[in-house]
Amino acid sequence: MTTVSPGPTSELLTVDAIPVDGAVRIVCAGEVDCSTAPALRRALDGAFADRPRGVTVDLEAVTFLDSAGLSALAVAHRTADQAGVPMRVLVATRAVTRALQVTGLWELLGCETVHPGTAGAA
């Protein structure tokens, strides 16, 4: 499996793709908005390109998520569904939880609430 590590994309967001036992964990920290969502989308596209056994999107350290970020997650869900790859979304902040809930993506994506600092153990 290819290691995708976009690293720091800007001062607003970091995105890292970490291979773990045939799966990929996408770890984001910062703000996902119209200027930074393309980095998340590239990381997700790269993760699915390698046909992993699963993809976890770790949004534990994301403090803001707008419609561009929500769209990237919705597209990733469709990609995962078409490829038959399980996808998990981990969330810790109220701002991100609320954005996912009001759009209906919380249920669609099967989001999980984590306590800050514990997502790495999941």
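The values are calculated or read from the model by the stated rules, or taken from the named source; none is laboratory data. Keep in mind the model is a prediction, meaning the values are calculated, not measured. Glycine gets a Cβ as well: all are built from the backbone with ideal geometry, and neighbour counts include every protein chain shown. Calculation scope for accessible area: heavy atoms of the full protein, side chains included, ligands and nucleic acids excluded. Shrake-Rupley method; radii C 1.70, N 1.55, O 1.52, S 1.80 Å.
A few comments on the model shown:
- Some residue of the range 55-63 being touching a residue at least 12 places away in the same chain (Cβ under 8 Å), buried (at least 16 other Cβ atoms within 10 Å of the Cβ) and more than 20 Å from residue 93 (Cβ to Cβ): yes
- Residues in the range 65-104 that are over 17 Å from residue 40 (Cα atoms) and either within 12 Å of the chain's Cα centre (by Cα) or in contact (Cβ under 8 Å) with a residue 12 or more places away in the chain (or both): 83, 85, 86, 92, 93, 95, 97, 103.
- Any hit, the range 6-17, residues being in contact (Cβ under 8 Å) with a residue 24 or more places away in the chain and closer than 21 Å to residue 107 by Cβ: no
- Answer residue from the range 16-34, given it is in a loop (DSSP other than H, G, I, E, B) and farther than 20 Å from residue 100 by Cβ and is least open to solvent (accessible area, probe 1.4 Å) among those: 22
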